[in-house]
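The values are calculated or read from the model by the stated rules, or taken from the named source; none is laboratory data. As the structure is a computational prediction, the values presented were derived from the model and not from experiment. Here the Cβ is made from the backbone with ideal geometry for all residues, glycine too, and neighbour counts use every protein chain on show. Side chains are part of the model used for accessible areas, which takes the heavy atoms of the whole protein and leaves out ligands, DNA and RNA. Shrake-Rupley method; radii C 1.70, N 1.55, O 1.52, S 1.80 Å.
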Amino acid sequence: MSNEIIEIITAILKYTNQNNQLTDSFQPRLTLIEIDNQLKHFPFKIPDEAKQLYQWHNGTNLTVEEPLFYYHYFLSIEESLKVYHQWQNFNQQDFYIYPENIFPLFTFEGEYYAIECSLEQQKTGKIWHIYHDNICVYNSLYSMLKSFLECYEKEAYKMMLVDHYWETEVNEKQVAEIKLKYNPIRQNMVTELAKTGQYFEYP
């Protein structure tokens, strides 16, 4: 997969890093050895494309409040593990809400994008949206980011300066079409929404 994940994120940053503060919030990259050491007690293997992400940077400093894309922040591997353990502790309280084999990557106020993991090493993993329920919404991290990049390129996500802050104007119909093009797994969800004439930007 070479460095496709890093190349796409770098391209996305041309749109989202408008005030240059995001670059300053990146935490140092991890080596493969450091990633494996951090995850030695995690019961699954995160896909290669997620490892690529951490070899680029180990998340962002959440106190800077600069999202990586749209409104989601990039979790450090330590923060991801903390959230994962919180999920599993919740599961043990006579509930089973969070799948055991997903690993959170991005967050916003209790909402997460998490990658599907396996017992054997895989190149890619499906992306789940975790909030009030769990929905599999992207075929891979690569296809998720690729669709986000095209949304920016075609101004389906349009960066707007409002009262000295950058906000994202969304063309929901165009976003839905772009994301479906890269992520066939979204077909049922888009079909159901289209019946009512509605399009939602996320998940």
The residue from Ala156, Ala176 that alone is at negative phi and modelled with pLDDT under 90 is Ala176
Residues of the stretch 42-66 being over 18 Å from Ile115 (Cβ atoms) and either β-branched (Val, Ile, Thr) or part of a loop (DSSP other than H, G, I, E, B) (or both), in sequence order, are Asn61, Thr63, Val64, Glu65, Glu66
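Of Ile77, Ile8, Ile35, which residue is in contact with a Leu (Cβ under 6 Å, 6 or more places away or on another chain), among the hydrophobic types (A, V, I, L, M, F, W, C) and either in contact (Cβ under 8 Å) with a residue 60 or more places away in the chain or on the phi < 0 side of the Ramachandran plot (or both)?
Values: Ile77 fails: in contact with a Leu (Cβ under 6 Å, 6 or more places away or on another chain); Ile35 fails: in contact with a Leu (Cβ under 6 Å, 6 or more places away or on another chain).
It is Ile8.
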Only unsatisfied item for Val137, checking (1) buried (at least 18 other Cβ atoms within 10 Å of the Cβ); (2) touching a residue at least 40 places away in the same chain (Cβ under 8 Å); (3) closer than 24 Å to Ile35 by Cβ, is (3)
Reported set for the stretch 43-87 where residues are at pLDDT 90 or above, surrounded by 13 or more Cβ atoms within 10 Å (Cβ to Cβ) and of a type in the set (S, T, N, Q) is Gln52, Gln55, Asn58, Ser76, Ser80
Picked from the stretch 88-109 (must be touching a strand residue (DSSP E or B) at 6+ places or on another chain (Cβ under 9 Å) and farther than 17 Å from Tyr138 by Cβ), the residue least open to solvent (accessible area, probe 1.4 Å) is Tyr98
